[in-house]
1. Run down Tyr566, Tyr538 and say which single residue is over 22 Å from Asp462 (Cα atoms) and aromatic (Phe, Trp, Tyr).
2. So which residues in region 236-291 are in contact (Cβ under 8 Å) with a residue 40 or more places away in the chain and among the polar types (S, T, N, Q)?
3. From the residues in region 571-595 that are among the charged types (D, E, K, R) and open to solvent by less than 30 Å² (accessible area, probe 1.4 Å), which one is farthest from Gly407 (Cα to Cα)?
4. Going by what's in this entry, would Glu615 be described as on the phi < 0 side of the Ramachandran plot, outside any loop (DSSP other than H, G, I, E, B) and touching a residue at least 60 places away in the same chain (Cβ under 8 Å)?
5. With the structure loaded, tell me whether Arg501 is assigned to a helix (DSSP H, G or I), over 30 Å from Tyr608 (Cβ atoms), basic (Lys, Arg) and open to solvent by 10 Å² or more (accessible area, probe 1.4 Å) or whether it fails that test.
6. Going through Arg521, Arg501 one at a time, which residue ends up being out of contact with any Ser or Thr (no Cβ under 9 Å at 6 or more places or on another chain) and among the basic types (Lys, Arg)?
7. Just the residues that are closer than 27 Å to Glu284 by Cβ and in contact (Cβ under 8 Å) with a residue 40 or more places away in the chain, please, taken from region 452-487.
8. Count, please, the residues in region 413-441 that happen to be touching a strand residue (DSSP E or B) at 6+ places or on another chain (Cβ under 8 Å) and surrounded by fewer than 20 Cβ atoms within 10 Å (Cβ to Cβ).
Amino acid sequence: MRTLENHEPRLDHRARLGGGSSRIDAAAAAVAEQETMRSGPELDEARTAPIALVRPAEQQVTRAAPEAPPRITVRHVLRSGAVEQAGTVVAVVGLLTGIATGSEWKAFALAFLGLVLQVVNVAAQSSLLRGKGAAGQGVIPRLVLLAVVPLSWESVPSLIVAALVAAAVLSEPVIVRVLRVTVGPAVGLPGVVPASAVRPGPKLIWFVNTLVCIAVAAGADLTEDVAPAHAAVAALAVLVTGVSGVLTGLAFRASRRNLALLPDAVAAYAPVFALHWDAPPGTEYQVTMWLPYLERIGERFILIVRNPAALAGIAARTRVPVVLRQDPRDIDAVVPPSLRTVFYVNNAARNTHLVRFTGLLHVQLNHGESDKAPSYSPVFRLYDKDFVAGQAAIDRFAKNGVRVPDGLFTIVGRPQVEHVLVGRSTSDRPTALYAPTWGGANADSDYCSLPIGVPIVQAMLDRGYEVVFRPHPYTRRNPEHAAIEDRIHALLAADARTTGRRHRFGAAATAESDVVDCFNRADLLVSDVSSVVPDFLYSEKPFAVASMQCAPEEFPESFPIARAAYVLDREGENIDAVLDAMTGDDPLADARCDAKRYFLGDFPAEGYADAFLREARRAVLGAV
């Protein structure tokens, strides 16, 4: 294992950087401290957002002024909690009205309206906010509904029924909170018992208890003959919640037992290196693009995941042991004496929780090569090594005034493009790929071309192309971009019905095809400032990039890959001229060959991935 002394040169490099380096370390320490104090799904996006460099005023790229203020969308309202709060207020007003007037039906009607708002809130969150919301929500409106019972019934059994159902409702938040901390600490790790597949479903609990509340309250002023029915309904709520509570308890007990076993299990497995990943569900591609090459290193390793919501998704995609560590204090248990090196695939803030182990070698791989601002962030100075695809990545830092220590960079190419076909397509018909990026986490990283996406796709269709439409996985985070994506899907579906052309979009271009399949199928690419572009460059086929932040003539200065690209203006008015050039004389063919070496390394096509494997083995097994 490397000692602290082995890493003193890295600390000296930071010292030579002076105040800028100190500020980076201080910022990283502050982020780490805040992470120990805050948690929750609302932080997922903030944690994993790349930290972009704020450029000096004279280097800022001029952006077009927005045409209108942002629209308040359904997602904004749901995230604000306004619907849930409104339901609570309406229900409480109903209860007070019922008490003041002695009318249980007024209380029931308003409480029921409040509950309807809660149901709408839960249903909308489940469909629009990736499954968030269910058990534990809408507690007050349901309790208010149950309060109608003593207003109408005077018998002791009726009060017992209401009390039992109320207890079931009140237990929901407890069950949910316990479930959040009972995610299995590891998947596929010898010595750790796999988490039970039998876990209570929070949505089922919520659904049953809600129906029971409505049924009990709706029959509150009926005759006593319905008491047995109410008792049976209440028993159902108690049974479902009780079983859920037992399962939750068993899951919690198993989780505690596995946590105790974890340090010894990791030490016995003896991983030589680890891959650290913190990101929300749906971003597994950041890891899966590297797993085949890390496996080819030929040494044992583990995958350290920080987001419990992402555990199942990534564990299903690999046989490598996956370990979940949420708190910074939990990291120590997965740093055994055998561990030498840690790889990272993004600049998530919680990377600092592991970078603090100076006896390890920390290597940043990133998850793509592009001219985006996050690609030259000062945060890269936190690592011992930054593996980059080509010289372009190194020059990008100097060009933007970001000082880095000597020896930080190692050119390894982009092994993921080793199966990209050069100069030919697998399709038997002219095919165009449109692959826009997302809106970015910061203003200076918003390069998305979807605002002109419909005209781009329509121009492709007008020329008889089959179209492959593959947007970024984060596209639907922006409601306006999601709406444009839906319009493009509808456009392609309508054209396919009319012409019989075999367009690929939706799952056919994402879940059912990887990006290399899309590259190989296409004759040309239209994109924007995205890591898709340098990867496609390996094919030497023509591509266009949309200049969404500045005039086309200014674009290559800020984004050098544009020197080998046909540039679209931000209104998309020159799309026809661009398509003519790409499919005609293609005057940029030679420029693409030069750019390929500059951006992707000057390595032979045969054994292209060997450059990465060689340097990765050196990082893991020998001095770098």
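The values are calculated or read from the model by the stated rules, or taken from the named source; none is laboratory data. Not measured: the values here are computed from a predicted model. For neighbour counting, all protein chains shown are included, and Cβ atoms are generated from backbone atoms with ideal geometry for every residue, glycine included. These accessible areas exclude ligands, DNA and RNA; they are computed on the full protein's heavy atoms, side chains included. Shrake-Rupley method; radii C 1.70, N 1.55, O 1.52, S 1.80 Å.
1. Only one candidate passes the filter, namely Tyr538.
2. Scanning region 236-291 gives Thr241, Ser244, Thr248, Ser255, Asn258, Thr283, Gln286.
3. The first filter runs over region 571-595 and keeps only residues among the charged types (D, E, K, R), leaving 571, 573, 576, 580, 585-586, 590, 592, 594.
Those left that are additionally open to solvent by less than 30 Å² (accessible area, probe 1.4 Å): 586, 592.
Details: Asp586: 39, Arg592: 28 Å.
Per the criteria, the residue is Asp586.
4. On the way: on the phi < 0 side of the Ramachandran plot: yes; outside any loop (DSSP other than H, G, I, E, B): yes; touching a residue at least 60 places away in the same chain (Cβ under 8 Å): yes.
It is true that Glu615 is on the phi < 0 side of the Ramachandran plot, outside any loop (DSSP other than H, G, I, E, B) and touching a residue at least 60 places away in the same chain (Cβ under 8 Å).
5. Working: assigned to a helix (DSSP H, G or I): no; over 30 Å from Tyr608 (Cβ atoms): yes; basic (Lys, Arg): yes; open to solvent by 10 Å² or more (accessible area, probe 1.4 Å): yes.
Here the answer is no, as Arg501 does not meet what is asked.
6. Details: Arg521 fails: out of contact with any Ser or Thr (no Cβ under 9 Å at 6 or more places or on another chain).
Exactly one of Arg521, Arg501 is out of contact with any Ser or Thr (no Cβ under 9 Å at 6 or more places or on another chain) and among the basic types (Lys, Arg), namely Arg501.
7. Val468, Phe469, Arg470, His472, Pro473, Tyr474, Arg477, Asn478, Pro479, Glu480, His481
8. Kept after step one, since they are touching a strand residue (DSSP E or B) at 6+ places or on another chain (Cβ under 8 Å), are these residues of region 413-441: 425, 427, 429-437.
Restricting the remaining residues to those that are surrounded by fewer than 20 Cβ atoms within 10 Å (Cβ to Cβ) gives 425, 427, 429-430.
Total satisfying the criteria: 4.
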